[in-house]
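Below: the structure, in structure tokens.
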Amino acid sequence: MYPRLPPNTEKSYLSWINRFLRFHAPLLPAQFGESEAASF
């Protein structure tokens, strides 16, 4: 099991994940590749 992160770190990670998913809205996460990560 992973150690618990501080609440602010968890919020920051979730914020980045949400922004990344909204940026690539038409794609499913399983379809993301290196080029999608680089374009973000």
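Read-outs throughout are calculated quantities, based only on the coordinates presented, and are distinct from any laboratory measurement. Only a predicted model underlies this, so the values are computations on that prediction, with no experimental measurement involved. A quick note on method: Cβ atoms are made from the backbone with ideal geometry, for glycine too, and the neighbour counts reach across all protein chains shown.
So for the pair Glu36, Arg22, with labels modelled 7 Å out along Cα→Cβ, what separation do we get in nm?
Output for this residue pair reads 1.7 nm.
Rounded to the nearest 500, what is the 222 nm mean residue ellipticity of the chain from helices alone, with -39500 (n - 2.57) per DSSP H run of 4+ residues and division by all residues?
-17500 deg cm²/dmol
Would you please classify the overall shape of the chain from the alpha carbon gyration tensor, given that a ≥ b ≥ c denote the square roots of the eigenvalues, rounded means a/c under 1.5, and beyond that prolate means a/b larger than b/c while oblate covers the rest?
It is prolate, given that a/c is not under 1.5 and a/b is the larger ratio.
Relative to the longest principal axis of the C-alpha atoms of the chain, give the angle of the C-alpha long axis of helix 7-23, reported between 0 and 90° and rounded to the nearest 10°.
So the inclination is approximately 10 degrees.
Could you work out the local net charge near Tyr13, counting Lys and Arg as +1, Asp and Glu as -1, over the other residues with Cβ closer than 14 Å to its Cβ?
My count for the surroundings of Tyr13 gives +2.
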